[in-house]
Amino acid sequence: MIHNAVIHIANEQPLLADLFETPATTDVSLVCTNVRMLDGKKPIFIDRTDSVFVFPYLHVRFIEIPAALAAPAPLAGEPVAVAVAPIVDPEPDVEIEIDEDFLRRIREV
């Protein structure tokens, strides 16, 4: 059981849920239980949180699974591989030159 996975449904607020197993590439839907909002409250569209829920992947944008629960723990003495994505600054510090002719044309409109 994978506890506290965050399910991002299209055009909805994220939900917390407990997954029965890690989703496989052959799955067409996500099966989970204990669905709740991020603050722990019951969503308005759910009658009982202890039910089993099936979300078609058509409506699921992505799923966040806690890293500690995503893969089995390595045995003692085994090397641990960790993939870390580098943080990239989307806009480097570059001085922008103002095109006065362009600004003049905008003001005229």
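The values are calculated or read from the model by the stated rules, or taken from the named source; none is laboratory data. Everything numeric in this text was worked out from a predicted model, so none of it was measured. Every residue, glycine among them, receives a Cβ derived from its backbone with ideal geometry; neighbour counts consider all protein chains shown.
Checking each residue of the range 71-92 against the condition of being modelled with pLDDT of 75 or more, aliphatic (A, V, I, L, M) and surrounded by 10 or more Cβ atoms within 10 Å (Cβ to Cβ) gives no match.
For a quick check of your reading of the model, give me the residue pairs whose first member lies in the range 31-50 and is free of Cβ contacts under 8 Å to residues at least 24 places away in the same chain, whose second is among the basic types (Lys, Arg) and part of a loop (DSSP other than H, G, I, E, B), with beta-carbon atoms closer than 7 Å and at least 6 apart or on different chains. Pairs that qualify, where the first residue is free of Cβ contacts under 8 Å to residues at least 24 places away in the same chain and the partner is among the basic types (Lys, Arg) and part of a loop (DSSP other than H, G, I, E, B), are Arg36/Lys42; Thr49/Lys42.
Of all residues in the range 39-70, those being closer than 16 Å to Ala24 by Cα, in a loop (DSSP other than H, G, I, E, B) and at pLDDT 90 or above number 2.
Tell me, which residue of the range 1-30 that is out of contact with any Pro (no Cβ under 9 Å at 6 or more places or on another chain) and outside any loop (DSSP other than H, G, I, E, B) is farthest from Ala68 (Cα to Cα)? Ranking the qualifying residues of the range 1-30, first place goes to Ile9. Can you tell me which residues in the range 31-49 are surrounded by 10 or more Cβ atoms within 10 Å (Cβ to Cβ) and more than 15 Å from His3 (Cβ to Cβ)? Answer for the range 31-49, where residues must be surrounded by 10 or more Cβ atoms within 10 Å (Cβ to Cβ) and more than 15 Å from His3 (Cβ to Cβ): Met37, Lys42, Pro43, Ile46. On the stretch given as the range 23-45, residues that are more than 14 Å from Glu12 (Cα to Cα), among the hydrophobic types (A, V, I, L, M, F, W, C) and out of contact with any Phe, Trp or Tyr (no Cβ under 8 Å at 6 or more places or on another chain) total 1.
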